[in-house]
Amino acid sequence: MKLSVLVVDDELLIRKSLSKVLRARGYGVEVASTGAEGLEKAAEARPQVMILDMRLPDTDGLSVLRRVRQLDPLLQVIVITAFGDVASAVDAMKLGACDFLRKPYEMEDIVLAVQAAGQTFRQATELDLYRRQAWRQYSDEGIIGRSGPMREVRELIEKVVHSKATSVLITGESGTGKELVARAIHYRSDRAKAPLMEVNCSSFQETLLENELFGHERGAYTDATDTKKGLIELCDGGTLFLDEVADMSLPTQAKLLRFIDHRNFKRVGGAQDISVDIRIVTATNKDLESEVRAGRFRGDLYFRLKVVSIHLPPLRERGDDILLLARHFLREFARKFQKRLSDISPEAAQMFLDYSWPGNVRELKNQIERVVLLEEGRRLLPEHLPVEFSGRKPASESAAAVKDVLALPTLAQIEAEHIGEVLRLTAGNKSRAARILGISRQGLIEKLRRLRMEESAGRQVS
(Lines give C-alpha, C1' and ligand atoms only; values in the text may rest on other atoms or scores of the structure.)
Protein backbone atom coordinates (compact mmCIF):
# COMPACT_ATOMS: atom_id res chain seq x y z
CA MET A 1 0.00 0.00 0.00
CA LYS A 2 1.34 3.45 -1.00
CA LEU A 3 1.92 5.68 2.00
CA SER A 4 -0.12 8.89 2.01
CA VAL A 5 1.40 12.15 3.34
CA LEU A 6 -0.40 15.42 4.13
CA VAL A 7 1.76 18.56 4.09
CA VAL A 8 0.34 21.49 6.10
CA ASP A 9 2.40 24.65 5.55
CA ASP A 10 1.47 28.22 4.66
CA GLU A 11 4.47 28.73 2.32
CA LEU A 12 3.67 27.77 -1.29
CA LEU A 13 7.31 27.08 -2.18
CA ILE A 14 7.69 24.58 0.70
CA ARG A 15 4.45 22.82 -0.23
CA LYS A 16 5.56 22.46 -3.85
CA SER A 17 9.10 21.30 -3.04
CA LEU A 18 7.97 18.76 -0.46
CA SER A 19 5.29 17.43 -2.81
CA LYS A 20 7.80 17.02 -5.63
CA VAL A 21 10.40 15.21 -3.52
CA LEU A 22 7.93 12.90 -1.76
CA ARG A 23 6.04 11.98 -4.93
CA ALA A 24 9.36 11.15 -6.55
CA ARG A 25 9.93 8.67 -3.66
CA GLY A 26 6.59 6.99 -4.34
CA TYR A 27 4.40 8.64 -1.69
CA GLY A 28 0.91 9.98 -2.27
CA VAL A 29 0.83 13.65 -1.26
CA GLU A 30 -1.95 16.08 -0.27
CA VAL A 31 -1.27 19.72 0.67
CA ALA A 32 -2.99 22.36 2.83
CA SER A 33 -2.08 26.00 3.48
CA THR A 34 -4.02 26.54 6.74
CA GLY A 35 -4.82 24.62 9.89
CA ALA A 36 -8.53 24.44 9.02
CA GLU A 37 -7.80 23.08 5.54
CA GLY A 38 -5.35 20.61 7.03
CA LEU A 39 -7.95 19.26 9.46
CA GLU A 40 -10.51 19.00 6.66
CA LYS A 41 -8.15 17.06 4.39
CA ALA A 42 -7.01 14.84 7.28
CA ALA A 43 -10.63 13.84 7.84
CA GLU A 44 -11.29 13.23 4.12
CA ALA A 45 -8.05 11.66 2.88
CA ARG A 46 -7.05 9.79 6.08
CA PRO A 47 -3.29 10.09 5.47
CA GLN A 48 -0.82 7.97 7.41
CA VAL A 49 1.72 10.79 7.91
CA MET A 50 1.30 14.54 8.39
CA ILE A 51 4.06 17.14 8.04
CA LEU A 52 2.86 20.09 10.14
CA ASP A 53 4.35 23.57 10.39
CA MET A 54 3.99 25.00 13.90
CA ARG A 55 3.30 28.52 12.55
CA LEU A 56 0.09 28.80 10.50
CA PRO A 57 -1.92 31.89 9.50
CA ASP A 58 -5.22 30.86 11.13
CA THR A 59 -4.09 28.88 14.20
CA ASP A 60 -1.05 27.41 15.91
CA GLY A 61 0.31 23.98 15.06
CA LEU A 62 -0.25 22.60 18.57
CA SER A 63 -4.00 23.14 18.26
CA VAL A 64 -4.02 21.33 14.91
CA LEU A 65 -1.93 18.51 16.36
CA ARG A 66 -4.25 18.10 19.33
CA ARG A 67 -7.37 17.92 17.14
CA VAL A 68 -5.87 15.67 14.47
CA ARG A 69 -4.71 13.18 17.12
CA GLN A 70 -8.27 13.04 18.40
CA LEU A 71 -9.47 12.46 14.85
CA ASP A 72 -7.00 9.63 14.16
CA PRO A 73 -4.77 8.41 17.02
CA LEU A 74 -2.70 6.32 14.60
CA LEU A 75 -1.75 9.29 12.36
CA GLN A 76 1.99 10.01 12.61
CA VAL A 77 2.75 13.75 12.79
CA ILE A 78 6.14 15.30 12.01
CA VAL A 79 6.25 18.91 13.24
CA ILE A 80 8.38 21.65 11.71
CA THR A 81 9.57 24.33 14.13
CA ALA A 82 11.49 27.56 13.77
CA PHE A 83 15.15 27.53 14.72
CA GLY A 84 15.53 27.74 18.50
CA ASP A 85 11.84 27.03 19.25
CA VAL A 86 12.60 24.04 21.46
CA ALA A 87 9.60 24.59 23.77
CA SER A 88 7.10 24.06 20.91
CA ALA A 89 8.88 20.89 19.84
CA VAL A 90 8.75 19.48 23.39
CA ASP A 91 5.04 20.33 23.70
CA ALA A 92 4.37 18.70 20.32
CA MET A 93 6.12 15.48 21.38
CA LYS A 94 4.05 15.40 24.56
CA LEU A 95 0.89 15.68 22.47
CA GLY A 96 1.90 12.67 20.38
CA ALA A 97 4.06 13.95 17.51
CA CYS A 98 6.42 11.22 16.31
CA ASP A 99 9.29 13.52 15.28
CA PHE A 100 10.28 17.16 14.80
CA LEU A 101 12.62 19.04 12.49
CA ARG A 102 13.98 22.57 12.86
CA LYS A 103 14.20 25.07 10.01
CA PRO A 104 16.24 25.21 7.90
CA TYR A 105 16.21 21.48 7.17
CA GLU A 106 17.55 19.26 4.40
CA MET A 107 15.09 17.48 2.11
CA GLU A 108 16.82 14.18 2.85
CA ASP A 109 16.04 14.70 6.54
CA ILE A 110 12.34 15.05 5.67
CA VAL A 111 12.43 11.88 3.56
CA LEU A 112 14.10 9.89 6.35
CA ALA A 113 11.59 11.23 8.90
CA VAL A 114 8.67 10.23 6.64
CA GLN A 115 10.13 6.74 6.15
CA ALA A 116 10.46 6.28 9.92
CA ALA A 117 6.95 7.66 10.48
CA GLY A 118 5.54 5.24 7.90
CA GLN A 119 7.19 2.29 9.64
CA THR A 120 5.82 3.49 12.99
CA PHE A 121 2.34 3.81 11.45
CA ARG A 122 2.45 0.22 10.16
CA GLN A 123 3.56 -1.07 13.56
CA ALA A 124 0.91 0.97 15.35
CA THR A 125 -1.75 -0.33 12.94
CA GLU A 126 -0.72 -3.94 13.52
CA LEU A 127 -0.75 -3.38 17.28
CA ASP A 128 -4.15 -1.74 17.09
CA LEU A 129 -5.48 -4.66 15.04
CA TYR A 130 -4.10 -7.13 17.59
CA ARG A 131 -5.75 -5.20 20.42
CA ARG A 132 -9.09 -5.11 18.61
CA GLN A 133 -8.90 -8.84 17.97
CA ALA A 134 -7.95 -9.45 21.60
CA TRP A 135 -10.85 -7.26 22.73
CA ARG A 136 -13.29 -9.29 20.64
CA GLN A 137 -11.79 -12.59 21.82
CA TYR A 138 -11.79 -11.67 25.50
CA SER A 139 -14.88 -9.49 25.54
CA ASP A 140 -17.97 -10.32 27.57
CA GLU A 141 -19.30 -12.31 24.60
CA GLY A 142 -16.12 -14.41 24.63
CA ILE A 143 -16.93 -15.78 28.08
CA ILE A 144 -19.57 -18.36 27.18
CA GLY A 145 -22.23 -19.36 29.67
CA ARG A 146 -25.76 -18.54 30.78
CA SER A 147 -25.72 -20.29 34.16
CA GLY A 148 -26.15 -18.28 37.35
CA PRO A 149 -22.51 -18.63 38.48
CA MET A 150 -21.21 -17.44 35.10
CA ARG A 151 -23.57 -14.45 35.07
CA GLU A 152 -22.07 -13.49 38.43
CA VAL A 153 -18.56 -13.86 36.98
CA ARG A 154 -19.41 -11.54 34.06
CA GLU A 155 -20.95 -8.98 36.41
CA LEU A 156 -17.80 -8.97 38.55
CA ILE A 157 -15.58 -8.59 35.48
CA GLU A 158 -17.66 -5.62 34.36
CA LYS A 159 -17.32 -3.97 37.77
CA VAL A 160 -13.56 -4.55 37.84
CA VAL A 161 -12.85 -3.15 34.37
CA HIS A 162 -14.67 0.08 35.22
CA SER A 163 -12.99 0.43 38.60
CA LYS A 164 -9.55 1.43 39.82
CA ALA A 165 -9.06 -1.92 41.60
CA THR A 166 -5.36 -2.74 41.49
CA SER A 167 -5.53 -6.34 42.79
CA VAL A 168 -7.83 -9.14 41.60
CA LEU A 169 -7.69 -12.79 42.70
CA ILE A 170 -9.19 -15.47 40.44
CA THR A 171 -9.80 -18.90 41.96
CA GLY A 172 -11.10 -22.14 40.52
CA GLU A 173 -10.12 -25.67 39.55
CA SER A 174 -7.59 -26.30 36.82
CA GLY A 175 -9.09 -25.82 33.36
CA THR A 176 -11.98 -23.54 34.38
CA GLY A 177 -10.72 -20.56 32.35
CA LYS A 178 -8.86 -18.35 34.82
CA GLU A 179 -6.50 -17.08 32.09
CA LEU A 180 -9.50 -16.09 29.95
CA VAL A 181 -10.93 -14.00 32.79
CA ALA A 182 -7.56 -12.33 33.44
CA ARG A 183 -7.24 -11.35 29.78
CA ALA A 184 -10.84 -10.12 29.68
CA ILE A 185 -10.13 -7.86 32.66
CA HIS A 186 -7.12 -6.37 30.86
CA TYR A 187 -8.48 -5.96 27.34
CA ARG A 188 -11.84 -4.58 28.43
CA SER A 189 -10.32 -1.98 30.76
CA ASP A 190 -8.68 1.36 30.07
CA ARG A 191 -5.34 -0.42 30.55
CA ALA A 192 -5.75 -2.32 27.27
CA LYS A 193 -3.40 0.03 25.38
CA ALA A 194 -0.57 -0.88 27.76
CA PRO A 195 1.01 -4.36 27.92
CA LEU A 196 -0.40 -7.47 29.56
CA MET A 197 2.46 -9.53 31.02
CA GLU A 198 1.76 -13.13 32.02
CA VAL A 199 3.94 -15.41 34.13
CA ASN A 200 3.32 -18.87 35.59
CA CYS A 201 4.87 -18.83 39.05
CA SER A 202 5.23 -22.63 39.15
CA SER A 203 7.53 -22.55 36.10
CA PHE A 204 10.36 -20.68 37.81
CA GLN A 205 12.77 -21.37 40.63
CA GLU A 206 12.78 -18.80 43.44
CA THR A 207 15.66 -16.62 42.22
CA LEU A 208 14.62 -16.88 38.58
CA LEU A 209 11.06 -15.72 39.34
CA GLU A 210 12.35 -12.74 41.32
CA ASN A 211 14.61 -11.80 38.41
CA GLU A 212 11.74 -12.25 35.94
CA LEU A 213 9.45 -9.96 37.93
CA PHE A 214 11.83 -7.25 39.13
CA GLY A 215 14.70 -7.39 36.62
CA HIS A 216 18.35 -6.84 37.50
CA GLU A 217 21.14 -4.32 37.17
CA ARG A 218 24.31 -4.97 35.27
CA GLY A 219 26.74 -6.82 37.51
CA ALA A 220 24.05 -7.94 39.98
CA TYR A 221 25.44 -11.47 39.63
CA THR A 222 28.01 -13.33 37.54
CA ASP A 223 26.05 -13.62 34.27
CA ALA A 224 24.33 -10.21 34.51
CA THR A 225 26.28 -8.52 31.71
CA ASP A 226 23.44 -6.09 30.90
CA THR A 227 20.63 -4.34 32.74
CA LYS A 228 17.34 -6.20 32.36
CA LYS A 229 13.89 -4.75 32.97
CA GLY A 230 11.49 -7.07 34.81
CA LEU A 231 7.89 -7.78 33.84
CA ILE A 232 6.58 -5.36 36.48
CA GLU A 233 8.51 -2.53 34.88
CA LEU A 234 7.68 -3.56 31.32
CA CYS A 235 3.91 -3.60 31.90
CA ASP A 236 3.76 -0.10 33.42
CA GLY A 237 0.24 1.21 32.85
CA GLY A 238 -1.04 -2.28 32.08
CA THR A 239 -1.66 -5.58 33.82
CA LEU A 240 0.57 -8.21 35.42
CA PHE A 241 -1.02 -11.68 35.50
CA LEU A 242 0.54 -14.09 38.01
CA ASP A 243 -0.81 -17.58 37.39
CA GLU A 244 -0.40 -20.31 40.04
CA VAL A 245 0.53 -17.63 42.59
CA ALA A 246 0.27 -20.18 45.44
CA ASP A 247 3.50 -21.75 44.15
CA MET A 248 5.48 -18.54 44.71
CA SER A 249 8.24 -18.90 47.33
CA LEU A 250 7.93 -17.05 50.63
CA PRO A 251 10.92 -14.71 49.97
CA THR A 252 9.45 -13.67 46.60
CA GLN A 253 6.04 -13.25 48.28
CA ALA A 254 7.65 -10.79 50.70
CA LYS A 255 9.07 -8.71 47.83
CA LEU A 256 5.77 -8.74 45.97
CA LEU A 257 4.00 -7.61 49.15
CA ARG A 258 6.42 -4.70 49.53
CA PHE A 259 5.78 -3.68 45.93
CA ILE A 260 1.99 -3.78 46.40
CA ASP A 261 2.25 -1.67 49.57
CA HIS A 262 4.59 0.99 48.12
CA ARG A 263 4.02 0.66 44.35
CA ASN A 264 7.75 0.85 43.76
CA PHE A 265 10.61 -1.63 43.71
CA LYS A 266 14.33 -2.02 43.14
CA ARG A 267 15.84 -4.20 40.46
CA VAL A 268 18.00 -7.04 41.76
CA GLY A 269 21.35 -5.46 42.60
CA GLY A 270 19.93 -1.94 42.22
CA ALA A 271 19.63 0.98 44.63
CA GLN A 272 17.10 3.17 42.81
CA ASP A 273 13.37 2.91 43.52
CA ILE A 274 11.28 2.46 40.34
CA SER A 275 7.61 3.42 40.48
CA VAL A 276 4.99 1.89 38.19
CA ASP A 277 1.21 1.89 37.87
CA ILE A 278 -0.09 -1.61 37.20
CA ARG A 279 -3.03 -3.85 38.01
CA ILE A 280 -2.05 -7.22 39.49
CA VAL A 281 -4.30 -10.15 38.59
CA THR A 282 -3.46 -13.45 40.30
CA ALA A 283 -4.90 -16.92 39.85
CA THR A 284 -4.67 -20.23 41.67
CA ASN A 285 -6.38 -23.62 41.77
CA LYS A 286 -5.42 -24.05 45.44
CA ASP A 287 -7.27 -22.99 48.60
CA LEU A 288 -5.16 -20.02 49.66
CA GLU A 289 -6.74 -19.88 53.11
CA SER A 290 -5.53 -23.44 53.72
CA GLU A 291 -2.11 -22.49 52.34
CA VAL A 292 -1.99 -19.57 54.79
CA ARG A 293 -2.89 -21.84 57.73
CA ALA A 294 -0.20 -24.31 56.63
CA GLY A 295 2.38 -21.51 56.57
CA ARG A 296 3.06 -21.82 52.84
CA PHE A 297 1.49 -18.49 51.89
CA ARG A 298 1.66 -15.13 53.61
CA GLY A 299 -1.64 -14.06 55.13
CA ASP A 300 -0.92 -10.34 54.61
CA LEU A 301 -0.19 -10.92 50.92
CA TYR A 302 -3.36 -13.02 50.56
CA PHE A 303 -5.53 -10.17 51.81
CA ARG A 304 -3.74 -7.65 49.54
CA LEU A 305 -4.33 -9.85 46.50
CA LYS A 306 -8.03 -10.51 47.11
CA VAL A 307 -9.24 -6.90 47.02
CA VAL A 308 -11.64 -8.31 44.43
CA SER A 309 -12.13 -12.09 44.31
CA ILE A 310 -13.65 -13.94 41.35
CA HIS A 311 -14.40 -17.66 41.71
CA LEU A 312 -14.89 -19.76 38.59
CA PRO A 313 -17.23 -22.73 39.09
CA PRO A 314 -16.22 -26.20 37.85
CA LEU A 315 -17.83 -27.22 34.57
CA ARG A 316 -19.89 -29.98 36.21
CA GLU A 317 -21.80 -27.28 38.15
CA ARG A 318 -22.65 -25.18 35.08
CA GLY A 319 -25.53 -27.26 33.69
CA ASP A 320 -26.47 -26.43 30.10
CA ASP A 321 -23.32 -24.30 29.72
CA ILE A 322 -21.63 -27.62 28.92
CA LEU A 323 -23.60 -27.93 25.68
CA LEU A 324 -23.16 -24.23 24.82
CA LEU A 325 -19.41 -24.65 25.11
CA ALA A 326 -19.41 -27.98 23.28
CA ARG A 327 -21.26 -26.49 20.29
CA HIS A 328 -18.99 -23.43 20.32
CA PHE A 329 -15.86 -25.62 20.17
CA LEU A 330 -17.49 -27.87 17.57
CA ARG A 331 -18.01 -24.89 15.23
CA GLU A 332 -14.50 -23.58 15.95
CA PHE A 333 -12.70 -26.84 15.16
CA ALA A 334 -14.97 -27.70 12.22
CA ARG A 335 -13.83 -24.44 10.61
CA LYS A 336 -10.21 -25.06 11.56
CA PHE A 337 -10.08 -28.62 10.19
CA GLN A 338 -12.60 -28.01 7.39
CA LYS A 339 -14.94 -30.74 8.62
CA ARG A 340 -18.73 -31.06 8.27
CA LEU A 341 -19.45 -31.76 11.94
CA SER A 342 -22.02 -29.18 13.01
CA ASP A 343 -24.31 -30.77 15.62
CA ILE A 344 -24.39 -33.07 18.66
CA SER A 345 -26.86 -35.95 18.84
CA PRO A 346 -29.29 -35.99 21.81
CA GLU A 347 -27.66 -39.16 23.18
CA ALA A 348 -24.16 -37.64 23.03
CA ALA A 349 -25.48 -34.42 24.55
CA GLN A 350 -26.86 -36.37 27.52
CA MET A 351 -23.50 -38.08 27.95
CA PHE A 352 -21.85 -34.68 28.06
CA LEU A 353 -24.27 -33.56 30.77
CA ASP A 354 -23.80 -36.76 32.82
CA TYR A 355 -19.99 -36.71 32.70
CA SER A 356 -18.13 -35.20 35.69
CA TRP A 357 -15.50 -33.25 33.65
CA PRO A 358 -12.53 -33.45 36.04
CA GLY A 359 -10.49 -31.38 33.55
CA ASN A 360 -13.27 -28.79 33.18
CA VAL A 361 -13.47 -26.57 30.07
CA ARG A 362 -9.96 -27.49 28.95
CA GLU A 363 -10.92 -31.18 28.88
CA LEU A 364 -14.13 -30.41 26.98
CA LYS A 365 -12.24 -28.41 24.39
CA ASN A 366 -9.64 -31.15 23.92
CA GLN A 367 -12.32 -33.85 23.57
CA ILE A 368 -14.19 -31.86 20.92
CA GLU A 369 -10.95 -31.19 19.04
CA ARG A 370 -10.12 -34.91 19.06
CA VAL A 371 -13.57 -35.87 17.77
CA VAL A 372 -13.57 -33.28 14.98
CA LEU A 373 -10.05 -34.26 13.94
CA LEU A 374 -10.67 -38.03 13.84
CA GLU A 375 -14.34 -38.51 12.98
CA GLU A 376 -16.46 -37.89 9.90
CA GLY A 377 -20.12 -37.04 9.33
CA ARG A 378 -22.31 -34.14 10.38
CA ARG A 379 -23.19 -35.16 13.94
CA LEU A 380 -21.17 -35.96 17.02
CA LEU A 381 -22.43 -39.39 18.14
CA PRO A 382 -21.99 -41.41 21.38
CA GLU A 383 -19.60 -43.84 19.67
CA HIS A 384 -17.25 -40.92 18.95
CA LEU A 385 -16.64 -40.43 22.67
CA PRO A 386 -14.23 -42.33 24.95
CA VAL A 387 -15.66 -45.20 27.01
CA GLU A 388 -15.53 -43.22 30.27
CA PHE A 389 -18.35 -41.03 28.98
CA SER A 390 -20.73 -44.00 28.92
CA GLY A 391 -19.87 -45.08 32.45
CA ARG A 392 -18.28 -48.31 31.12
CA LYS A 393 -14.77 -49.16 32.23
CA PRO A 394 -12.03 -49.87 29.70
CA ALA A 395 -11.23 -53.52 29.01
CA SER A 396 -7.95 -53.32 30.93
CA GLU A 397 -9.75 -51.93 33.99
CA SER A 398 -12.48 -54.57 33.70
CA ALA A 399 -9.91 -57.38 33.54
CA ALA A 400 -8.17 -55.96 36.60
CA ALA A 401 -11.51 -55.76 38.42
CA VAL A 402 -12.28 -59.41 37.58
CA LYS A 403 -8.84 -60.42 38.82
CA ASP A 404 -9.45 -58.53 42.08
CA VAL A 405 -12.84 -60.22 42.53
CA LEU A 406 -11.35 -63.68 41.97
CA ALA A 407 -8.79 -62.93 44.65
CA LEU A 408 -11.52 -62.37 47.26
CA PRO A 409 -12.14 -65.18 49.80
CA THR A 410 -15.17 -67.46 49.37
CA LEU A 411 -18.13 -67.36 51.75
CA ALA A 412 -17.06 -70.73 53.21
CA GLN A 413 -13.56 -69.38 53.87
CA ILE A 414 -14.98 -66.30 55.58
CA GLU A 415 -17.29 -68.49 57.71
CA ALA A 416 -14.45 -70.84 58.67
CA GLU A 417 -12.19 -67.93 59.65
CA HIS A 418 -14.94 -66.35 61.73
CA ILE A 419 -15.78 -69.58 63.57
CA GLY A 420 -12.10 -70.23 64.19
CA GLU A 421 -11.63 -66.72 65.62
CA VAL A 422 -14.65 -67.13 68.01
CA LEU A 423 -13.32 -70.52 69.18
CA ARG A 424 -9.92 -68.97 69.84
CA LEU A 425 -11.46 -66.16 71.88
CA THR A 426 -13.55 -68.66 73.92
CA ALA A 427 -10.54 -70.96 74.47
CA GLY A 428 -12.29 -73.72 72.48
CA ASN A 429 -15.49 -73.73 74.56
CA LYS A 430 -18.03 -74.88 71.98
CA SER A 431 -21.07 -73.98 74.12
CA ARG A 432 -19.92 -70.36 74.57
CA ALA A 433 -18.84 -70.14 70.94
CA ALA A 434 -22.25 -71.42 69.79
CA ARG A 435 -24.04 -68.78 71.89
CA ILE A 436 -21.85 -66.00 70.40
CA LEU A 437 -22.45 -67.31 66.87
CA GLY A 438 -26.22 -67.56 67.50
CA ILE A 439 -26.47 -71.27 66.74
CA SER A 440 -26.86 -74.45 68.79
CA ARG A 441 -23.86 -76.41 70.09
CA GLN A 442 -24.82 -79.32 67.83
CA GLY A 443 -25.13 -76.92 64.89
CA LEU A 444 -21.61 -75.68 65.57
CA ILE A 445 -20.27 -79.23 65.68
CA GLU A 446 -21.95 -79.99 62.34
CA LYS A 447 -20.43 -76.87 60.79
CA LEU A 448 -17.00 -77.82 62.11
CA ARG A 449 -17.33 -81.26 60.68
CA ARG A 450 -18.56 -79.93 57.36
CA LEU A 451 -15.82 -77.34 57.15
CA ARG A 452 -13.27 -79.93 58.30
CA MET A 453 -12.24 -77.76 61.15
CA GLU A 454 -12.64 -80.29 63.96
CA GLU A 455 -8.97 -81.16 63.95
CA SER A 456 -7.93 -77.53 63.88
CA ALA A 457 -10.38 -76.69 66.67
CA GLY A 458 -9.08 -79.60 68.75
CA ARG A 459 -5.55 -78.25 68.48
CA GLN A 460 -6.77 -74.83 69.66
CA VAL A 461 -8.48 -76.50 72.70
CA SER A 462 -5.38 -78.38 73.64
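The values are calculated or read from the model by the stated rules, or taken from the named source; none is laboratory data. In this text the structure is predicted, and so the values were computed from the model without any measurement. Counting neighbours? That spans all protein chains shown, and the Cβs are built from the backbone with ideal geometry, glycine included. Protein only, heavy atoms only, side chains kept; ligands, DNA and RNA dropped before computing areas. Shrake-Rupley method; radii C 1.70, N 1.55, O 1.52, S 1.80 Å.
For region 325-341, give me each residue that is open to solvent by less than 50 Å² (accessible area, probe 1.4 Å) and either assigned to a helix (DSSP H, G or I) or within 30 Å of R258 (Cα to Cα) (or both).
Answer for region 325-341, where residues must be open to solvent by less than 50 Å² (accessible area, probe 1.4 Å) and either assigned to a helix (DSSP H, G or I) or within 30 Å of R258 (Cα to Cα) (or both): L325, A326, F329, L330, F333, A334.
Taking the conditions exactly as written (surrounded by 15 or more Cβ atoms within 10 Å (Cβ to Cβ), touching a residue at least 24 places away in the same chain (Cβ under 8 Å) and assigned to a helix (DSSP H, G or I)), does L156 satisfy them or not?
Against the criterion (surrounded by 15 or more Cβ atoms within 10 Å (Cβ to Cβ), touching a residue at least 24 places away in the same chain (Cβ under 8 Å) and assigned to a helix (DSSP H, G or I)), L156 qualifies.
Which one of these is in contact (Cβ under 8 Å) with a residue 60 or more places away in the chain and hydroxyl-bearing (S, T, Y): S309, S275? If you could, list the steps in order and put the result at the bottom.
Values: S275 fails: in contact (Cβ under 8 Å) with a residue 60 or more places away in the chain.
Going through S309, S275 in turn, the sole match is S309.
From the list D10, D72, D58, exactly one residue is of a type in the set (D, E, K, R), surrounded by fewer than 18 Cβ atoms within 10 Å (Cβ to Cβ) and in contact with a Leu (Cβ under 6 Å, 6 or more places away or on another chain). Which is it?
So the residue among D10, D72, D58 that is of a type in the set (D, E, K, R), surrounded by fewer than 18 Cβ atoms within 10 Å (Cβ to Cβ) and in contact with a Leu (Cβ under 6 Å, 6 or more places away or on another chain) is D10.
I need a count of the residues in region 180-211 that are assigned to a helix (DSSP H, G or I) and touching a Phe, Trp or Tyr at 6+ places or on another chain (Cβ under 6 Å).
Within region 180-211, residues that are assigned to a helix (DSSP H, G or I) and touching a Phe, Trp or Tyr at 6+ places or on another chain (Cβ under 6 Å) number 4.
How many of the residues in region 369-388 are assigned to a helix (DSSP H, G or I) and either modelled with pLDDT of 90 or more or buried (at least 16 other Cβ atoms within 10 Å of the Cβ) (or both)?
Of the residues in region 369-388, 9 are assigned to a helix (DSSP H, G or I) and either modelled with pLDDT of 90 or more or buried (at least 16 other Cβ atoms within 10 Å of the Cβ) (or both).
Return the residues of region 14-40 that are closer than 17 Å to V79 by Cα and in a helix (DSSP H, G or I); say none if nothing qualifies. Don't jump to the end; show me each part of the working.
Going through region 14-40, the residues closer than 17 Å to V79 by Cα turn out to be 14-15, 17-19, 22, 29-39.
Selection gives I14, R15, S17, L18, S19, L22, G35, A36, E37, G38, L39.
Any idea how many residues of region 275-295 are outside any loop (DSSP other than H, G, I, E, B), charged (D, E, K, R) and surrounded by 12 or more Cβ atoms within 10 Å (Cβ to Cβ)?
Matching residues across region 275-295 total 3.
Just need a number here: residues in region 179-195 that are of a type in the set (D, E, K, R) and in contact with a Ser or Thr (Cβ under 8 Å, 6 or more places away or on another chain).
2
Taking the residues in region 307-324 that are open to solvent by less than 10 Å² (accessible area, probe 1.4 Å) and part of a helix (DSSP H, G or I) as candidates, determine which candidate is nearest to G377 (Cα to Cα).
My answer is I322.
Can you tell me which residues in region 221-236 are open to solvent by 70 Å² or more (accessible area, probe 1.4 Å) and part of a loop (DSSP other than H, G, I, E, B)?
Of everything in region 221-236, those that are open to solvent by 70 Å² or more (accessible area, probe 1.4 Å) and part of a loop (DSSP other than H, G, I, E, B) turn out to be Y221, T222, D223, T225, D226, T227, D236.
Which residue, of G237, G215, G230, G175, is modelled with pLDDT of 90 or more, under 22 Å from D277 (Cα atoms), among the small types (G, A, S) and out of contact with any strand residue (DSSP E or B) (no Cβ under 7 Å at 6 or more places or on another chain)?
G237
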